[in-house]
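Nothing in this text is a laboratory measurement; each read-out follows from the coordinates by a stated rule. Values in this document were obtained by computation on a predicted structure and should not be read as measured data.
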Amino acid sequence: MNDLNEWAVDPAKLYPLGFTDVHIHFGLGFIGILCLYLFFRPIIRWFMYLDWRKALTFLVVSFIYLFFSTWVELYQVVKGSGEMEWSDLAHSTLAIILFGIFLFISHLISSMINYFKTRKKKHIPQQNAKI
């Protein structure tokens, strides 16, 4: 076990109870995914309520991309085909952030255009109102 897990859980106290490293990793993974689920569930519901499909898609695709880029970096270390560099992951994260800013600006511009179109339609008097 690594230092982070030993900081959170003292394995010496759990080994006499029959818990092994596998049990501890499974438990920490389960608790971690449960916490992430409980954290992101209200955010996802809020995005669905606001009908922000672009933002929701961006979040899901970003997490999938970060998972695969991390997996590729770890695969390079395991197979010895390259070195794992945190700067590669940092550059991937920067690209995701810049793409998110681009999506935000494009959404803002399209929302403003739609707002001005609907505002202009409300102020046009109807010519055939007295027929």
Go ahead and estimate [θ] at 222 nm for the chain from helices alone: -39,500 (n - 2.57) per DSSP H run with n ≥ 4, summed, over the residue count, rounded to 500.
-28000 deg cm²/dmol
Expressed as an acute angle from 0 to 90° and rounded to the nearest 10, what is the orientation of the C-alpha long axis of helix 21-50 relative to the principal long axis of the chain?
10
So which residue, out of Val77, Val22, Val61, gets the largest mean-square fluctuation from a GNM of the chain using Cα contacts under 10 Å as springs?
Val22
Return the label of the correct value of Cα extents along the principal axes in Å, as calculated from the structure shown, out of (1) 71, 47, 23; (2) 96, 25, 17; (3) 89, 38, 20.
(3)
Whole-Hz ³J(HN,Hα) for each residue in the stretch 70-76, computed from phi via Karplus 6.51 cos²θ - 1.76 cosθ + 1.60 with θ = phi - 60°, x for glycine and proline: what do you get?
5, 4, 5, 5, 5, 5, 4
Between the helical axis of 86-123 and the dominant principal axis of the chain, each derived from Cα atoms, what acute angle in degrees is found, rounded to the nearest 10?
20
